[in-house]
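Chemist: Got a structure for you, questions after.
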């Protein structure tokens, strides 16, 4: 009997967690809403330089019809951290956040997402940086779960390109997690790991079963061949064997013990 379908298990997990996440914190994270050729709710910080610019791109995107990009043809003397950014207000009941975004690069020194935590006096009190994407790559998923620093009034989400090259950004998402949600999210990840292991074990079992059936069939074939060889080696019984005449038989040898022919003739 096979293992439960991964799709069935994932559906149950989805049903169990569908109401766990709060409203999406990032506005227009897929950059589809455009006004005056700029994505709504986003700003571009770009230090002026030859060959440096950022725009909406309607020919390169992860999903939908748009993404944004930044490109630099020359290295700055002092790195400005050019970025697309959005200011996100953080309410007091948000203490943990799950972030996800996609980056595509072409000859990029490094591209990443930067989340800065600001307090109500306008000071940065902490920051979180995601994994970097370097060189030339297709759309790469970046994800991170992090705690909101105490005293945070808002966060600045930045899509950053350092150095030279081009980086595209798309499908940026930030969702709040409660403590229970975080544990369930972790359990889902653990469940996926277990399912992967079970699938590998099932494959190994199926491989062993197939090998057993192959060997069993081979044994049956070899047994049949062996019987055929033995039949050819044993000579058949001859029908021409010498028939015994009555004179050749010692009748005393076929009488019961202690009885002779003379006893029968009396």
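Chemist: Give segment 95-115 a look and list any residue that's crowded, with 19+ Cβ neighbours inside 10 Å and either closer than 16 Å to residue 26 by Cα or outside the structural domain of residue 167 (by TED's automatic domain parsing) (or both), or say none.
Modeler: 97, 99, 101, 102, 113, 115
Chemist: Residues of segment 87-97 being outside any loop (DSSP other than H, G, I, E, B) and out of contact with any helix residue (DSSP H, G or I) (no Cβ under 7 Å at 6 or more places or on another chain), which ones? Lay out the reasoning, then the answer.
Modeler: Kept after step one, since they are outside any loop (DSSP other than H, G, I, E, B), are these residues of segment 87-97: 87-89, 96-97.
Result: 87, 88, 89, 97.
Chemist: Would you check if there is a residue in segment 41-62 being within 28 Å of the chain's Cα centre (by Cα), assigned by TED's automatic domain parsing to the domain that holds residue 155 and surrounded by fewer than 16 Cβ atoms within 10 Å (Cβ to Cβ)?
Modeler: Among the residues of segment 41-62, at least one is within 28 Å of the chain's Cα centre (by Cα), assigned by TED's automatic domain parsing to the domain that holds residue 155 and surrounded by fewer than 16 Cβ atoms within 10 Å (Cβ to Cβ), which makes the answer yes.
Chemist: Quick one: which strands (runs of 3 or more DSSP E) sit completely within segment 132-242 and have at least 2 residues that are modelled with pLDDT of 95 or more and over 30 Å from residue 90 (Cβ atoms)?
Modeler: Numbers: elements: 133-147, 154-162, 165-177.
In segment 132-242, the matching strands (runs of 3 or more DSSP E) lie at 133-147, 165-177.
Chemist: Check 92, 82 and return the single one that is more than 16 Å from residue 26 (Cα to Cα) and surrounded by fewer than 19 Cβ atoms within 10 Å (Cβ to Cβ). I'd like the intermediate steps shown before the answer.
Modeler: Details: 82 fails: surrounded by fewer than 19 Cβ atoms within 10 Å (Cβ to Cβ).
Being more than 16 Å from residue 26 (Cα to Cα) and surrounded by fewer than 19 Cβ atoms within 10 Å (Cβ to Cβ) holds for just one of 92, 82, which is 92.
The values are calculated or read from the model by the stated rules, or taken from the named source; none is laboratory data. All values reported here derive from a predicted model rather than from experimental measurement. Ideal geometry is used to build each Cβ from the backbone, glycine not excepted, and the neighbour counts take in all protein chains shown.
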